[in-house]
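Data first, discussion second: the structure below is written as C-alpha cells.
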Amino acid sequence: MAIPVSQIAGDGGGAGRAHGDVACEVGVFLEAHSGVLEQARGRDVERCGEIEDVVEPDVALPALEAAGFPGDHPVIRRAVAWLEAHQNEDGGFGEDCRSYDRGEAGLAWRGRGESTPSQTAWALLGLVAAGEAGSDCAARAVGWLCKTQRRNGGWDEDLFTGTGFPRDFLINYHLYREVWPVLALGRVRRALDA
C-alpha cells in the first residue's frame with residue numbers, strides 16, 4: 001500500500017505539531033498506524049527489498065527515537081524483546097534466506113540463521129536507538145563482532161544478506177560487512193561514553 005507523503009509530513013508546515021518537525025510528524029503517523037503495522041508483521045505477507053526481520057528494528061527503532069518516542073514505549077519494548085529472543089547463542093544475529101519461504105516454513109526462519117556481521121550490526125543499531133547500548137544483549141553482540149573481526153579490521157561474510165527479489169535472487173553487498181559493524185560499534189561507544 002502506497003502512503004502519500006502528505007500523510008507522513010502533514011501540511012508541510014507542521015501545524016499543531018511540536019517544532020513543526022518532520023520527525024514529529026513521522027512519530028504521529030507511526031503512533032496512529034502502529035496497529036496496522038503490527039498486524040502486518042504477524043501475517044505471511046510477501047516481503048521484498050531488504051526488509052528482513054533483523055533489519056526492521058534497525059530501521060524502526062532509530063526512526064521512533066528520532067520521532068521522540070520514549071525508550072519505555074510499548075512498541076520499542078516489544079522490538080527489544082524480539083531482538084533479545086532472536087539473538088544467537090554466539091551473541092550475533094542472522095536470518096536465513098529461507099525466511100522468505102511462504103507459510104509456516106518461512107515463518108520458522110524469520111530472525112533465525114547463522115550470525116553475520118551486517119545483521120548483527122543492524123540489530124545492535126536498533127538496540128542502541130532503544131537506549132539498550134549497555135544491555136547484556138548489546139554486549140554479547142559487540143563481543144561477537146569483536147571476536148569475528150579479522151586482523152585487518154574487516155569481517156568475513158559469505159552469506160547473502162541482501163534481497164533482490166525474494167526466492168528469485170539474493171545479493172552479497174561486499175561493503176555491508178565492513179560499514180555496518182563499524183557504524184554500530186561507533187554508536188555503541190558514543191552511547192556508552194555519553
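The values are calculated or read from the model by the stated rules, or taken from the named source; none is laboratory data. Source: prediction; values computed, not measured. Backbone-built Cβ (ideal geometry, glycine too); neighbour counts: all protein chains shown.
Suppose we keep only residues that are closer than 12 Å to VAL80 by Cα and touching a Lys or Arg at 6+ places or on another chain (Cβ under 7 Å) within the range 91-140. Which one would you say is surrounded by the fewest Cβ atoms within 10 Å (Cβ to Cβ)? Per the criteria, the residue is LEU125. Specify the residue that is farthest from the chain's Cα centre (by Cα); the eligible residues are those in the range 61-72 that are surrounded by 16 or more Cβ atoms within 10 Å (Cβ to Cβ) and of a type outside the set (Phe, Trp, Tyr). The residue in question is ALA67. Note on the range 126-148: residues that are within 14 Å of the chain's Cα centre (by Cα) and in a helix (DSSP H, G or I) total 6.
Let's see how each residue does on (1) modelled with pLDDT of 85 or more; (2) more than 25 Å from HIS174 (Cβ to Cβ); (3) part of a helix (DSSP H, G or I); (4) touching a His at 6+ places or on another chain (Cβ under 6 Å):
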site	(1), (2), (3), (4)
GLU31	no, yes, yes, no
VAL36	no, yes, yes, no
GLU52	no, no, no, no
GLY71	yes, yes, no, no
GLU89	yes, yes, no, no
GLY94	yes, no, no, no
TRP109	no, no, no, no
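For the range 141-163, the candidate set comprises residues that are crowded, with 19+ Cβ neighbours inside 10 Å and aromatic (Phe, Trp, Tyr); within that set, the residue that is farthest from ASP58 (Cα to Cα) is TRP155. Among the residues of the range 159-179, some residue qualifies, meaning at least one is aromatic (Phe, Trp, Tyr), at pLDDT below 95, over 21 Å from GLU89 (Cα atoms) and in contact with a helix residue (DSSP H, G or I) (Cβ under 9 Å, 6 or more places away or on another chain).
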